[in-house]
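The block underneath contains the structure these notes are about, expressed in structure tokens.
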């Protein structure tokens, strides 16, 4: 029997009532304080994916991290705010002991075989085998769930004491560990697998966290299933760091340069 992938275990939800689900954090996705945000995003999206009222595929997901999630059980509530023939709008809340710790929204849509155009082309890093895998030594547990092979902007020399400001951009091959066929849960988690950009730019260690993230999905379920478990090209950058908050953009591409997801975050940092 094939063992269940840790991401599926972290995103697993048990129905309690219509629109209510119980879940729990997973040690495989532990971060420095609470769970890896990508695993939380996957669990919240899963509450919509497994809801029998859901129509179509995810188009957009926004997750707001309101407070620290403790290790252990949690509850997710979903509400179908409005639905039509083309789109559905959902809201979600993650609670522990009656307190709301994460809020989210999702848009699902029915994609149709109409005109499509792909003006943007993905970056072309060296093949994965030509790049060293990032060391996982001394890093949070969740990083062991991913293979990072950086072509630009790696973190093997972190923290740095050179006093220089480096580019916040990074480019890497990213894949689940162990391998897992791509789906919307893995894309939701992968969109948060990019390290906070201040780590790349400044090279220093300080309190930092994602406050809010939004991911846009540009692929339907059948197309995603056809990709399988291949690594994706991940690109991340930032435009501004100002008075304790910074933006962060990301994009995920197939090896052939097809954009499958992109998004934006606002992050917090402290001296």
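The values are calculated or read from the model by the stated rules, or taken from the named source; none is laboratory data. Since we're looking at a predicted model, the values are computed, not measured. Backbone-built Cβ (ideal geometry, glycine too); neighbour counts: all protein chains shown.
Does segment 169-184 include one or more residues that are in a strand (DSSP E or B), out of contact with any helix residue (DSSP H, G or I) (no Cβ under 7 Å at 6 or more places or on another chain) and over 24 Å from residue 49 (Cα atoms)? The answer is yes; a qualifying residue exists. With the requirement that a residue be in contact with a helix residue (DSSP H, G or I) (Cβ under 8 Å, 6 or more places away or on another chain) and farther than 14 Å from residue 186 by Cα, what does segment 210-246 give you? Within segment 210-246, 210, 213, 236, 237, 238, 241, 246 qualify. Residues that are outside any strand (DSSP E or B) and either touching a helix residue (DSSP H, G or I) at 6+ places or on another chain (Cβ under 8 Å) or under 21 Å from residue 188 (Cα atoms) (or both) occur in segment 115-122; there is at least one. When each of 193, 239 is tested for being more than 13 Å from the chain's Cα centre (by Cα), in a loop (DSSP other than H, G, I, E, B) and either free of Cβ contacts under 8 Å to residues at least 40 places away in the same chain or buried (at least 17 other Cβ atoms within 10 Å of the Cβ) (or both), the lone residue that passes is 239. For residue 203, the conditions (1) part of a loop (DSSP other than H, G, I, E, B); (2) out of contact with any strand residue (DSSP E or B) (no Cβ under 7 Å at 6 or more places or on another chain); (3) modelled with pLDDT under 95; (4) at negative phi are fulfilled apart from (4). Taken over segment 121-170, the criterion of being closer than 19 Å to residue 235 by Cβ and free of Cβ contacts under 8 Å to residues at least 12 places away in the same chain is satisfied by 127, 130, 143. Would you check if there is a residue in segment 70-77 being more than 15 Å from residue 21 (Cα to Cα) and either touching a residue at least 24 places away in the same chain (Cβ under 8 Å) or over 22 Å from the mean Cα position of the chain (by Cα) (or both)? Yes, there is a match, as at least one residue in segment 70-77 is more than 15 Å from residue 21 (Cα to Cα) and either touching a residue at least 24 places away in the same chain (Cβ under 8 Å) or over 22 Å from the mean Cα position of the chain (by Cα) (or both).
Are any of the residues in segment 35-45 more than 21 Å from residue 267 (Cβ to Cβ) and part of a loop (DSSP other than H, G, I, E, B)? The answer is no, given that none of the residues of segment 35-45 is more than 21 Å from residue 267 (Cβ to Cβ) and part of a loop (DSSP other than H, G, I, E, B). Residues of segment 13-34 that are under 19 Å from residue 70 (Cα atoms), in contact with a strand residue (DSSP E or B) (Cβ under 6 Å, 6 or more places away or on another chain) and outside any strand (DSSP E or B): 13, 25, 29.
Taken together, 229, 225 contain a single residue that is touching a residue at least 40 places away in the same chain (Cβ under 8 Å) and assigned to a helix (DSSP H, G or I), which is 225.
Tell me, yes or no, whether segment 86-96 has at least one residue that is without any contact (Cβ under 8 Å) to a residue 12 or more places away in the chain and in contact with a helix residue (DSSP H, G or I) (Cβ under 7 Å, 6 or more places away or on another chain). No, every residue in segment 86-96 fails to be without any contact (Cβ under 8 Å) to a residue 12 or more places away in the chain and in contact with a helix residue (DSSP H, G or I) (Cβ under 7 Å, 6 or more places away or on another chain). Every test in (1) more than 25 Å from residue 112 (Cα to Cα); (2) in contact with a strand residue (DSSP E or B) (Cβ under 9 Å, 6 or more places away or on another chain); (3) touching a residue at least 24 places away in the same chain (Cβ under 8 Å); (4) crowded, with 16+ Cβ neighbours inside 10 Å is passed by residue 249 save one, and that test is (3). The condition of being surrounded by fewer than 15 Cβ atoms within 10 Å (Cβ to Cβ) and either in contact with a strand residue (DSSP E or B) (Cβ under 9 Å, 6 or more places away or on another chain) or over 23 Å from residue 219 (Cα atoms) (or both) holds for only one of 119, 126, 168, that being 126.
Residue 36 falls short on exactly one of the conditions (1) surrounded by fewer than 18 Cβ atoms within 10 Å (Cβ to Cβ); (2) modelled with pLDDT of 95 or more, and that condition is (1).
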